[in-house]
Amino acid sequence: MFHALNNKRGFTLTELLVAMGLSAVVMASIGYVYYTQQKSYLVQENLAAAQQNLRSAMYFMERDIRMAGYDPTLKAGAGITIFNIAEVQFTKDDGTGTIETIRYVLTNDADEDGIADGSPCNIGRDSGGGLQSIAESIDALNFVYLKSDGGIALNPNEIRTIQITIVARTGRADQGYTDTRTYKNQQEATILAAQNDRFRRKQLDTTIKLRN
């Protein structure tokens with residue numbers, strides 16, 4: 001006569017503990033991968049937003065500044081009226097014979113050094129109706145005015161080229177990051193010292209040749 005095997009042996013406590021330990025390791029690994037991917041995505045999203053912010057500002061500034069001094073009738077005396085490291089103002093014919101005054105400056109820069117004095121600080125454009133923000137979360141705005149030979153222009157009539165440098169920060173801090181970078185313009189002059197905070201920053205430079 002054959003007897004059916006009756007094997008009721010289950011898992012031992014040691015086997016259960018090992019299985020639970022392996023499961024915990026696997027779940028922790030999956031969670032870590034998800035966390036790092038999510039963090040990387042948010043960082044890149046914030047940087048992309050800051051970059052787009054800078055490009056939008058530069059678009060407006062390049063378009064306007066290129067036409068500084070436009071005066072087809074030669075009767076309006078249009079030209080650059082304010083030129084310092086933190087602010088530029090100029091006049092131009094708007095195409096109808098009417099002279100338009102345009103000014104670019106930071107909205108929160110009481111000491112006029114081109115560095116934000118607090119938050120919020122934006123790039124403001126004033127064409128007669130007060131400052132209108134064209135870019136947000138700006139930490140530095142810097143202008144350099146050059147003559148035709150590349151030297152620094154000392155009066156508005158000498159200005160042939162304007163170099164612009166903008167530093168923007170992300171809207172959110174990154175707790176795993178410290179910004180130790182020193183930001184410089186195209187002349188290698190420091191325009192923003194290392195902030196040593198948790199914000200990531202993007203810098204954009206451009207050189208504009210005046211047409212008029």
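Some notes on this structure:
- Taking the stretch 159-212 as the range and being under 17 Å from the mean Cα position of the chain (by Cα) and on the phi > 0 side of the Ramachandran plot as the test, only Asn196 passes.
- Of all residues in the stretch 58-101 being acidic (Asp, Glu) and without any contact (Cβ under 8 Å) to a residue 24 or more places away in the chain, the one that is surrounded by the most Cβ atoms within 10 Å (Cβ to Cβ): Asp93
- Cβ-Cβ under 7 Å pairs, at least 6 apart or on other chains, the stretch 187-211 side farther than 16 Å from Asp64 by Cβ, far side among the aromatic types (Phe, Trp, Tyr) and surrounded by fewer than 17 Cβ atoms within 10 Å (Cβ to Cβ): Arg198/Tyr177; Arg200/Tyr177
- For the stretch 139-176, a residue qualifies if it is free of Cβ contacts under 8 Å to residues at least 60 places away in the same chain and within 29 Å of Asn46 (Cβ to Cβ), and the qualifying residues are Ala140, Leu141, Asn142, Val144, Gln163, Thr165, Val167, Ala173, Gln175.
- Flag for Arg55 being closer than 22 Å to Thr170 by Cβ and either touching an Asp or Glu at 6+ places or on another chain (Cβ under 8 Å) or in contact (Cβ under 8 Å) with a residue 24 or more places away in the chain (or both): yes
- Test result for Asp179, surrounded by 15 or more Cβ atoms within 10 Å (Cβ to Cβ), modelled with pLDDT of 95 or more, assigned to a loop (DSSP other than H, G, I, E, B) and not hydroxyl-bearing (Ser, Thr, Tyr): yes
- As a summary of the residue check, Ala140 satisfies the conditions (1) out of contact with any Leu (no Cβ under 9 Å at 6 or more places or on another chain); (2) under 20 Å from Ala57 (Cβ atoms); (3) part of a strand (DSSP E or B) except for the one numbered (1).
The values are calculated or read from the model by the stated rules, or taken from the named source; none is laboratory data. This is a predicted model, so every value here is computed, not measured. Cβ: placed from backbone, ideal geometry, glycine included. Neighbour counts: every protein chain shown.
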